[in-house]
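The values are calculated or read from the model by the stated rules, or taken from the named source; none is laboratory data. Everything numeric here is computed off the predicted structure, so don't read it as measured data. Positions of Cβ are backbone-derived with ideal geometry, glycine not excepted, and every protein chain shown enters the neighbour counts.
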Amino acid sequence: MMRNKLLMALILSLSSLAALADGAPATPPDQVVQQTAKAIFDTVNKDKAELQKDPDKLYDVVGNTLLPHFDFALASQLVLGPYWRTASDAQKKGFQDAFYSYLIRSYADALVKGNYSERNIQVQPYRPGSDPNRAQVQTKVLPENGQPISVVYQLRNENGEWKAFDVVIEGISYVQSYRGQFGPEIQQKGLDELIARLKTSKAPNAVPAATTTKI
């Protein structure tokens, strides 16, 4: 049950990230999320039947609309942790590309099969912190049944554009979750084997093993 709640929360949070990158830094991120989330879900829901029949088009929609607003360079570095420092330039690029595709395949099917709308997301008022280039956006995912789920975006301002590098769901960091999942695999099989696997696989239940460690 908890894994299903985390899946829904992550689907909805990924779907809101496009909003964060569409506004200038002067626009409070909470307002941008609120205004844009409806348009994102309307687009997916409007073409749901067609997207369900055409996986390639579905992946294009997810890739072009949602996930580009992640800071994948930083997220990939954080996910690999110490292995990033020893990886070659080709391995770093290969991991970023494979991880990007892995997430698209992992969440796209769940997104189009679900019945999600902007009503499922409640954005909290944004409070700027001491660092103008870092931001947290507090939101709550409202399931049809059950208690609200806390979802916190971690963002940084990169060249005048807000990009998310982590999503923390009920205290579970997706960056640290994948780091805990991938680390042992790299130790046993090597980074190249992980990259090869990510190119062709999907995450089980679209949510990695839970960890309470935050970055």
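Numbers below:
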quantity: Number of the exception - Gln136 against (1) modelled with pLDDT under 85; (2) among the polar types (S, T, N, Q); (3) not in a helix (DSSP H, G or I); calculated: (1)
quantity: Qualifying residue in segment 150-169 (condition: part of a loop (DSSP other than H, G, I, E, B) and at pLDDT below 80); calculated: yes
quantity: Qualifying residue in segment 79-96 (condition: in contact with a Lys or Arg (Cβ under 6 Å, 6 or more places away or on another chain) and either of a type in the set (Asp, Glu) or free of Cβ contacts under 8 Å to residues at least 60 places away in the same chain (or both)); calculated: no
quantity: Subset of segment 153-206 that is closer than 22 Å to Gln122 by Cα and hydrophobic (A, V, I, L, M, F, W, C) - its residue that is surrounded by the most Cβ atoms within 10 Å (Cβ to Cβ); calculated: Trp162
quantity: Segment 136-193: number of residues that are more than 30 Å from Ser88 (Cβ to Cβ), of a type in the set (A, V, I, L, M, F, W, C) and in contact (Cβ under 8 Å) with a residue 24 or more places away in the chain; calculated: 8
quantity: So Asp131, is it part of a loop (DSSP other than H, G, I, E, B) and either at pLDDT 75 or above or among the β-branched types (Val, Ile, Thr) (or both); calculated: yes
quantity: Residue match in segment 81-104 (condition: at pLDDT below 85, of a type outside the set (A, V, I, L, M) and in contact with a Leu (Cβ under 9 Å, 6 or more places away or on another chain)); calculated: no
quantity: Total residues in segment 60-113, condition assigned to a helix (DSSP H, G or I), among the aromatic types (Phe, Trp, Tyr) and out of contact with any Ser or Thr (no Cβ under 8 Å at 6 or more places or on another chain); calculated: 4
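Residues checked against (1) buried (at least 17 other Cβ atoms within 10 Å of the Cβ); (2) under 14 Å from the mean Cα position of the chain (by Cα):
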residue	(1), (2)
Ala49	no, no
Asp56	no, no
Asp60	no, no
Gly63	no, yes
Phe70	yes, yes
Gln77	yes, no
Ala90	no, no
